[in-house]
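Chemist: This is the structure I have questions about; it appears just below.
The values are calculated or read from the model by the stated rules, or taken from the named source; none is laboratory data. The structure displayed is predicted, hence computed values, not measured ones. Here the Cβ positions follow ideal geometry from the backbone for every residue, glycine too, while neighbour counts run over all protein chains shown.
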Amino acid sequence: MGKVTGFLEIQREQPTRRKSDERIRDWFEIYEPFPEEKQREQSARCMDCGVPFCHTGCPVNNLIPDWNDLAYTGRWEAAIRRLHATNNFPEFTGRICPAPCEAACVLGINQPAVSIKLIERSIVERAWDEGFIQPEPPVQATGKKVAVVGSGPAGLAAAQQLRRAGHTVTVYEKADRIGGLLRYGIPNFKLEKHVVDRRINQMRAEGVKFETNAHVGVNIPVDQLTDQYDAILLAGGAEHPRDLKIPGRELKGIHFAMEFLPQQNRRNEGETVPESLAILATGKRVLIIGGGDTGADCLGTSHRQGAKIVHQWEIMPKPPEQRASSTPWPLWPLQLRTESSHEEGGIRDWSINSIRFTGDADGNVTQVHAVRVGPPPKFEPVTGSEFTTDVDLVLLAMGFLGPVKNGMIDQLGLALDPRGNVHCDTSYMTSKEGIFAAGDMRRGQSLVVWAISEGRKAAAAIDNYLAAKTESLRQVHRIHA
Amino acid sequence: MGTDVPLACLSDRPQPLFNYFKQLFAQVTNPPIDPIREELVMSLISYIGTERNILDEAPENCHTLKLPHPILTNRDLEKLRRVSSGDLLATTLQALFRAEDGEDGLRHSLEDLSDRASHAVNSGYTLLILSDRGVDATHAPIPSLLAMAAVHNRLVREKTRTQVALIIESGEPREVMHFALLIGYGASAINPYLAIETIHDLKHRGLLPADVTAEKAEYNFIKAINKGLLKTFSKMGISTLQSYRGAQVFEAVGLNKSLVDAYFSGTASRIEGVGLGVLAREAQMKHAYAFQPLTDSETELVVGGHYQYREGGEYHLINPLTISKVQHAVRTNNPATFQEYTDLIDGQNRNLCTLRGLLKLKYDEQPIPLEEVEEAKEIVKRFTTGAMSFGSISKEAHETLAIAMNRIGGMSNTGEGGEDEERFKRDANGDLRRSAVKQVASGRFGVTTNYLVNADELQIKMAQGAKPGEGGQLPGHKVDEVIAKVRHSIPGVGLISPPPHHDIYSIEDLAQLIYDLKNVNPQARIAVKLVSEVGVGTVAAGVAKAHADVVLISGDSGGTGASPLSSIKHAGLPWELGLAETQQVLLLNDLRSRIKVQTDGKLQTGRDVVIAALLGAEEYGFATMPLISMGCIMMRKCHLNTCAVGIATQDPVLRARFQGQPEHVVNFFFFIAEQMRQHMAKLGFRTVDEMVGRVDKIDAAIAHAHWKAKGIDLESILYAPTLPSRVARRCVQAQDHGLAAALDHALIAKAEPTLDHHTPVTGAFNIRNVHRTVGAMLGGEIARRYGSAGLPDGSLHFRFTGSAGQSFGAFVPSGVTLELEGDTNDYLGKGLSGGRVIAYPPKTSSFLPEESILVGNVVLYGATSGEVFLNGIAGERFAVRNSGATAVVEGVGDHGCEYMTNGLVVVLGATGRNFAAGMSGGIAYVYDDAGDFPTRRCNKASVDLEPLVISEDIEKVRGLLERHRDLTGSPRAAWILEHWADAQPKFIKVFPHEYKRVLGVARPSEVAKRAEAPANSSPRVAAAEVQHG
């Protein structure tokens, strides 16, 4: 509950961010430490509502009022247990989740919301520091084997849940390191990678097996999985990016965000990216097309690489400063968001559609030609508003259309839904028996917290499926999604 | 806001057997008791063991074990288990069954347990301990209530029941209701070992405050359960545990006949339901969950979600989705969003929750055109909002509701808190904030004559949905200046509403109050609010015969959020049952045609209202949904004064955050009305009048697939008696209240010059006991013309000779003096609003007035101002709930000045017991000749007793005595004044603590503390401080 009158006495506070000009010189996380006393004060603002909208608004249904109270009373070990009851990776969500919980917070109706994300992060970091988080290997093996394809948050959550239920779990990751977008995609300044390693180590100690450089459907034939495993979970993400097929697209210097961002993650691991392949913003005039989180990630990365100037354009109109009336409480608000990357610099603009790129004699892009447009759905160009901007590097961050198809999905012959994602029934099973899908691969591009939710629910479904087929497993406990 | 979870017999989750029962409560048949303020009549003591022939006065009859209360600690039980002394011989019988054997296993184990019990009795044991210790992977516990009931019934059948006491040793009971049920079905004592062990574990884990030892925590828990038990008995008007034990004061909802007949015979269970098979399955489900192998990470229990909403927990009708959808709909006036909201509620196929969810409407083949159906703006006139007092909710919220309901022609309700007079006139912008329904509740807060005449309906609240059989309390921190003014009380002083109306102990008393109110405001409808429970139909028939114009049947799922959880969850029944029963009983007795029937209790959609109409209601009350429409988000913190949206709070900071608009409420009601019209068209009804009571349009469609619901039979709700066509299914004629014969017509005729021109008038009348409520109709007439100011003092002086009937001088306003030579019945000066009543025995009588009873019981109930001079002794509960009147009397019965919040009372002789119970304001002076008032007669829990020494006090008392002597000729008053020097020391000033605090007067204990505190002051100074006190 926190304190009965906490919300009347205490103002909302967030940890301070390091100064922009200082923090863009490195790739470390941007927040200053937040003292324990303040953490507890912030948790005191929770009103322990009879109907907790935060809890319903959270995709993993975190038991927020419960652990707010535990944090307030300093019961940190009980708090992490309560947090882990619904969320395998609070250290990830506590850093990068956009916090739909806070958008739904009842206090947020007329006051600044409770700092739920901050409390979640405080609880989990305290738990790691104090050693409350230890490996939790299963007590009993079921004898069943499950393969998880993709080691992003969906695959990892499912793997941990299934392993703890006693199944033998192997995670197949096509990249050279574990983590999916957590590793390659999300910049280090938002999520330092030792945080990911710390959790992976726990999973290894619990007995989850990881195979890297194992690309199912490319260097691992699909029947290697279908032959060996009692169930398979596909959690390969929605990596197929939306493209901008306008004249000049083939010019050099125009790249998808996901070609650009992982390179920097690798550099931060100490790797060298060969010059011929390197995409760097250093000294360049950068244009980021796409006003979402990926775009913001490109912005922060460009700053730190020493870009000369960075523009970020979005085709939708500028959102209102306050919650739009079309998205009333407790819905996720249509509202202008200023991320940490925006604080660091860059010029944002809205209602712009890019029409063509032009380049120099060597085939490098030099200019983008654009026009201002009206609101959706028509995006009518505003006559006379055409303009040109000089650019050296264009990053396309316009979202993802769905999973990559020509590979394991086609080979397995799985049915797709109308949006091009892998179709599943209400138990996360695809059109092929024993093969399940979860995360962006099933839902389309979404948030890390949704991926965790998907992974957990799919794990519960898989466990049910295996138990239904096996007499001896019927008495084994069911995984709580 | 009441309970919104599924009934136990519809919930998918395994329920404790306890949840299938609901507490019964007294309603009109007899009064409930206040177990806190009237502690002296309550008792938890019992004597257990063999009960012998009470007509034999042998020493053996006393060979029983005396228990001060029925809860046994683990140590107590061990002592008991080993007892073997004379007639007290204990044995333990295990109550477990093999989980995998399911229903057969359970039945077999119950038989076996009963066999062993029978055998134990024959072997001479007198204390049988039914125990569920020993649960393991194979054996599940038999529900303790079932084990108890099985053994109880077997021994009754074998005629050996009275030879033994049955004691429960179980891990199950932990809530008040659980203990109440076990005791109600025969348990003599209960050892809740798991609850106790949990408490010890809490201490062990450091989760209790450092200064609370495990023993203290255990003691606190037991004390809380005991207080809760007293509260539970008192709702039924039962004051001792011994009376409650075995009384089975419960109703079952959703247990089938064969189960009830076998184990709970005599308990009403009106809709059939589950049997032993379901109970076995529920026990198995819990057992399986408990024994499944765990991983280290899965050590958190399931979220439950019964009290606070949790995803994956119990289903709630009010959940984030339904709340946000209805708010979006009414704020943007969007019928499509509203339809989404009602679809969620109406579509209960997946989440069975209410009985109405099991019903189906029988639509016609061809609907009639929608245009031919009565317009929505006519239908909304049948809607009322529930009685939420100003005090429980904020001024802004309360007035918004009133404005909205007045706009649509419906009615809003004051609740129990009175109403600010400035709301009676329309505002400059055309809004009218006057509540059409004025409630008369047991506290009578703010119930003045002016309050009563500014109403279209006067509603007598017999019981309230969320906590039937109980009163209530508005904590002092919620009583600010404004609320205190409206309730005629003092800011900061807590306001207690007693459980019963102290002028309604029977149906005849209710008829009297109905008559009283109709006299004051003949234009207003008089309504009586009842709560659904078995037998409410009979009570409603009585209410109809008592000439009420409206009867409201309230369901259990409505009601205030600031109510004890035990009451929210376990008392009261759904309105579907109560309404159907009421309709049937009224029809069968040809009473339906003269009374309007209203219902409420979580009505949320057009379909809900249509079902209510078809079952017999012609008006519909809503409370939760209008509040949610105004912004309530069901935080359930109403009792803490921290409502974040400014509704259930008096804190000005929070009230400023209130965002509700009358339009939102108006939109909600029009949406409901439009939905009703859609249903009506499909049902073939053009008007709501046609629909009332047409149960033939409902189908009791049973959800066969559901493992619990398939046993439910709702045919009893749909029963329509065959009657001649002249018997109308709804109200078609007005009640005859018998006002024509009132004596007040003569008074009013006589008073015409005063009423029209302010000419003072006197009059003399003979009076007999058939002349009841004398003065009230006159009072109403004055209030209508002159508001709360009334007339100038001395305007009207009427003298009566004879024996006056009930309610003499009720609701008499300023300017009226009634003088009686004779005596009266009960309720003299009820609701006195400024007038003066004088009474004395006949001049020719020869007895001593100060030793003879002059007036009846419950004098000055809810009086707010005025004076009463009585030359004689009054009965019980003198000046109960007095909010400001002055009285001089020469002796009173028990419970004098109970719940008094303001005013001045002088008693010139002996009082009864329990004087000043719950007194929180005003002052009393008692002439204690016998010297036993402080030790034997006064309830000192809320008052200090002081001598009469302050000069202002002395002047006041002397002044009143002089007036008393002059107005009544009282010999006693004359004597006291003549012998003042001897008499003064015998007066005791009764001064309530809260009143002192509010007046800024320090109490003796505080003075003493101050005297001790300063370490460096001289002892002489300290002593001097104490002396001045």
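Chemist: Go through region B:612-646 and count every residue that is in a loop (DSSP other than H, G, I, E, B), buried (at least 24 other Cβ atoms within 10 Å of the Cβ), at pLDDT 95 or above and more than 12 Å from chain A (Cβ to nearest Cβ).
Modeler: Number satisfying all stated conditions: 3.
Chemist: Further question: Could you identify the single residue in B:Q348, B:Q366 that is more than 14 Å from every other protein chain (Cβ to nearest Cβ), surrounded by fewer than 19 Cβ atoms within 10 Å (Cβ to Cβ), touching a Gly at 6+ places or on another chain (Cβ under 7 Å) and among the polar types (S, T, N, Q)?
Modeler: Numbers: B:Q366 fails: touching a Gly at 6+ places or on another chain (Cβ under 7 Å).
Only one candidate qualifies: B:Q348.
Chemist: Between a residue in region A:328-344 that is more than 14 Å from every other protein chain (Cβ to nearest Cβ) and in contact (Cβ under 8 Å) with a residue 12 or more places away in the chain and any residue that is surrounded by fewer than 15 Cβ atoms within 10 Å (Cβ to Cβ) and among the hydrophobic types (A, V, I, L, M, F, W, C), which pairs come within a Cβ distance under 7 Å, given they are 6 or more apart or on different chains?
Modeler: Taking only residues 6 or more apart or on different chains, the pairs are A:L334/A:A324; A:Q335/A:A324.
Chemist: Of the numbered conditions (1) basic (K, R); (2) under 30 Å from A:E211 (Cα atoms); (3) modelled with pLDDT of 95 or more, A:R164 satisfies every one except a single condition; which is it?
Modeler: (3)
Chemist: All but one of (1) over 26 Å from A:I24 (Cα atoms); (2) among the basic types (K, R); (3) touching a strand residue (DSSP E or B) at 6+ places or on another chain (Cβ under 8 Å) hold for A:R323; state the number of the condition that does not hold.
Modeler: All conditions are met except number (3).
Chemist: To continue, here is another question. For region B:647-660, what are the residues that are out of contact with any helix residue (DSSP H, G or I) (no Cβ under 7 Å at 6 or more places or on another chain) and either assigned to a loop (DSSP other than H, G, I, E, B) or β-branched (V, I, T) (or both)?
Modeler: First, the residues of region B:647-660 that are out of contact with any helix residue (DSSP H, G or I) (no Cβ under 7 Å at 6 or more places or on another chain): B:651-652, B:654, B:656-657, B:659.
Scanning region B:647-660 gives B:D651, B:A656, B:R657, B:Q659.
Chemist: Would a scan of region B:727-737 turn up a residue that is more than 30 Å from B:L579 (Cα to Cα), surrounded by 15 or more Cβ atoms within 10 Å (Cβ to Cβ) and in contact with a Leu (Cβ under 8 Å, 6 or more places away or on another chain)?
Modeler: Looking for residues that are more than 30 Å from B:L579 (Cα to Cα), surrounded by 15 or more Cβ atoms within 10 Å (Cβ to Cβ) and in contact with a Leu (Cβ under 8 Å, 6 or more places away or on another chain), one finds none in region B:727-737, hence no.
Chemist: Report whether or not B:G875 is among the small types (G, A, S) and buried (at least 24 other Cβ atoms within 10 Å of the Cβ).
Modeler: no
Chemist: Exactly one condition in (1) assigned to a strand (DSSP E or B); (2) free of Cβ contacts under 8 Å to residues at least 24 places away in the same chain is false for B:Q598; which is it?
Modeler: B:Q598 satisfies every listed condition except (2).
Chemist: From A:G384, A:G420, grab the single residue that is in a loop (DSSP other than H, G, I, E, B), surrounded by fewer than 17 Cβ atoms within 10 Å (Cβ to Cβ) and in contact with a strand residue (DSSP E or B) (Cβ under 7 Å, 6 or more places away or on another chain). Reasoning before the result, please.
Modeler: Numbers: A:G384 fails: in contact with a strand residue (DSSP E or B) (Cβ under 7 Å, 6 or more places away or on another chain).
Just a single option satisfies the conditions, and that option is A:G420.
Chemist: When region B:43-65 is examined, which residues are found to be surrounded by fewer than 21 Cβ atoms within 10 Å (Cβ to Cβ), touching a residue at least 24 places away in the same chain (Cβ under 8 Å) and hydrophobic (A, V, I, L, M, F, W, C)?
Modeler: B:L44, B:I45, B:L65
Chemist: Show the residue pairs meeting these rules: Cβ distance below 9 Å; 6+ apart or different chains; first residue within region B:414-435 and more than 25 Å from B:G621 (Cα to Cα); second residue part of a loop (DSSP other than H, G, I, E, B) and modelled with pLDDT of 95 or more.
Modeler: Matching pairs, first to second residue: B:E422/B:R433; B:D427/B:R433.
Chemist: Picking from B:F658, B:F668, which residue would you name as being closer than 13 Å to B:L401 by Cβ, in contact with a Ser or Thr (Cβ under 8 Å, 6 or more places away or on another chain) and within 13 Å of chain A (Cβ to nearest Cβ)?
Modeler: Numbers: B:F668 fails: within 13 Å of chain A (Cβ to nearest Cβ).
The conditions single out B:F658.
Chemist: Residues of region A:107-133 being within 14 Å of chain B (Cβ to nearest Cβ) and touching a residue at least 60 places away in the same chain (Cβ under 8 Å), which ones?
Modeler: A:L107, A:G108, A:I109, A:Q111, A:P112, A:A113, A:V114, A:I133
Chemist: Go over the candidates B:G790, B:G822 one by one and state the one that is surrounded by fewer than 24 Cβ atoms within 10 Å (Cβ to Cβ) and among the small types (G, A, S). It would help to see each step written out before you state the result.
Modeler: Values: B:G790 fails: surrounded by fewer than 24 Cβ atoms within 10 Å (Cβ to Cβ).
Result of the check over B:G790, B:G822: B:G822.
Chemist: Suppose we filter A:C58, A:C54, A:C46 for residues that are closer than 17 Å to A:E9 by Cα and either within 11 Å of another protein chain (Cβ to nearest Cβ) or buried (at least 24 other Cβ atoms within 10 Å of the Cβ) (or both); which single one remains?
Modeler: Details: A:C58 fails: closer than 17 Å to A:E9 by Cα; A:C54 fails: closer than 17 Å to A:E9 by Cα.
That would be A:C46, the only listed residue that is closer than 17 Å to A:E9 by Cα and either within 11 Å of another protein chain (Cβ to nearest Cβ) or buried (at least 24 other Cβ atoms within 10 Å of the Cβ) (or both).
Chemist: If you don't mind, another one. Could you please give the count of residues in region A:160-215 that are among the acidic types (D, E) and in contact with a helix residue (DSSP H, G or I) (Cβ under 7 Å, 6 or more places away or on another chain)? Walk me through how you get there before you give the answer.
Modeler: Narrowing region A:160-215 to residues among the acidic types (D, E): A:173, A:176, A:192, A:197, A:206, A:211.
From the residues that got through so far, the ones that are in contact with a helix residue (DSSP H, G or I) (Cβ under 7 Å, 6 or more places away or on another chain) too are A:206.
Going through region A:160-215 one residue at a time, the tally reaches 1.
Chemist: Among the residues of region A:62-100, write down those that are of a type in the set (A, V, I, L, M, F, W, C), more than 12 Å from chain B (Cβ to nearest Cβ) and assigned to a helix (DSSP H, G or I).
Modeler: A:A71, A:W76, A:F92, A:I96
Chemist: Inside region B:319-329, can you point out the residues that are within 7 Å of chain A (Cβ to nearest Cβ) and either among the β-branched types (V, I, T) or at positive phi (or both)? Don't jump to the end; show me each part of the working.
Modeler: From region B:319-329, those within 7 Å of chain A (Cβ to nearest Cβ) are B:319-320, B:323-324, B:328; that's our starting set.
Matches in region B:319-329: B:I323 only.
Chemist: Looking at B:S269, B:S243 in this structure, which one is surrounded by 20 or more Cβ atoms within 10 Å (Cβ to Cβ), hydroxyl-bearing (S, T, Y), under 30 Å from the mean Cα position of the chain (by Cα) and away from chain A (no Cβ under 14 Å)?
Modeler: Numbers: B:S243 fails: surrounded by 20 or more Cβ atoms within 10 Å (Cβ to Cβ).
Just one listed residue meets the conditions, B:S269.
Chemist: Return the residue satisfying two criteria in turn: it lies in region A:160-190 and is more than 14 Å from chain B (Cβ to nearest Cβ) and among the hydrophobic types (A, V, I, L, M, F, W, C), and of such residues it is farthest from A:M258 (Cα to Cα). Walk me through it before giving the result.
Modeler: Quick first cut of region A:160-190, residues more than 14 Å from chain B (Cβ to nearest Cβ) only: A:168, A:170-190.
Applying the additional criterion that residues be among the hydrophobic types (A, V, I, L, M, F, W, C) yields A:171, A:175, A:178, A:181-182, A:186, A:189.
Numbers: A:V171: 22, A:A175: 14, A:I178: 17, A:L181: 9, A:L182: 12, A:I186: 10, A:F189: 16 Å.
In this case the residue turns out to be A:V171.
Chemist: Further question: For region B:820-869, which positions are within 31 Å of the chain's Cα centre (by Cα) and within 14 Å of B:G891 (Cα to Cα)?
Modeler: Restricting attention to region B:820-869, the residues satisfying the condition of being within 31 Å of the chain's Cα centre (by Cα) are B:824-835, B:855-868.
Those that are within 31 Å of the chain's Cα centre (by Cα) and within 14 Å of B:G891 (Cα to Cα): B:V855, B:G856, B:N857, B:V858, B:V859, B:V868.
Chemist: Now for a different question. Output the number of residues of region B:778-794 satisfying the condition of being in a helix (DSSP H, G or I) and either within 14 Å of B:P753 (Cα to Cα) or in contact (Cβ under 8 Å) with a residue 60 or more places away in the chain (or both). Lay out the reasoning, then the answer.
Modeler: Narrowing region B:778-794 to residues in a helix (DSSP H, G or I): B:778-789.
Checking which are either within 14 Å of B:P753 (Cα to Cα) or in contact (Cβ under 8 Å) with a residue 60 or more places away in the chain (or both) leaves us with B:778-785, B:787-788.
Residues in region B:778-794 being in a helix (DSSP H, G or I) and either within 14 Å of B:P753 (Cα to Cα) or in contact (Cβ under 8 Å) with a residue 60 or more places away in the chain (or both): 10 in total.
Chemist: Here is a list: A:G291, A:G306. Which entry is more than 14 Å from every other protein chain (Cβ to nearest Cβ), surrounded by fewer than 17 Cβ atoms within 10 Å (Cβ to Cβ) and among the small types (G, A, S)? Steps first, please.
Modeler: Details: A:G291 fails: surrounded by fewer than 17 Cβ atoms within 10 Å (Cβ to Cβ).
Exactly one residue qualifies, and that residue is A:G306.
Chemist: So which of A:A157, A:A147, A:A99 ends up being touching a helix residue (DSSP H, G or I) at 6+ places or on another chain (Cβ under 6 Å) and at positive phi? Working first, answer last.
Modeler: On the way: A:A157 fails: at positive phi; A:A147 fails: at positive phi.
Testing whether each residue is touching a helix residue (DSSP H, G or I) at 6+ places or on another chain (Cβ under 6 Å) and at positive phi leaves just A:A99.
Chemist: Would you mind telling me which numbered condition in (1) at pLDDT below 90; (2) farther than 21 Å from B:L146 by Cα B:S265 fails?
Modeler: Among (1) at pLDDT below 90; (2) farther than 21 Å from B:L146 by Cα, the lone unmet condition for B:S265 is (2).
Chemist: Quick one: how many residues across region B:746-770 are outside any loop (DSSP other than H, G, I, E, B), touching a residue at least 40 places away in the same chain (Cβ under 8 Å) and not polar (S, T, N, Q)? Give the steps one after another, and end with the answer.
Modeler: Of region B:746-770, the ones outside any loop (DSSP other than H, G, I, E, B) are B:746-750, B:752-757, B:761-767.
Applying the additional criterion that residues be touching a residue at least 40 places away in the same chain (Cβ under 8 Å) yields B:747, B:750, B:754, B:767.
From what's left, not polar (S, T, N, Q): B:747, B:750, B:767.
The qualifying residues number 3.
Chemist: Given the residues A:S446, A:S431, which is the only one that is more than 19 Å from A:Y229 (Cα to Cα) and surrounded by fewer than 23 Cβ atoms within 10 Å (Cβ to Cβ)? Break it down stepwise before answering.
Modeler: Numbers: A:S431 fails: more than 19 Å from A:Y229 (Cα to Cα).
Going through A:S446, A:S431 in turn, the sole match is A:S446.
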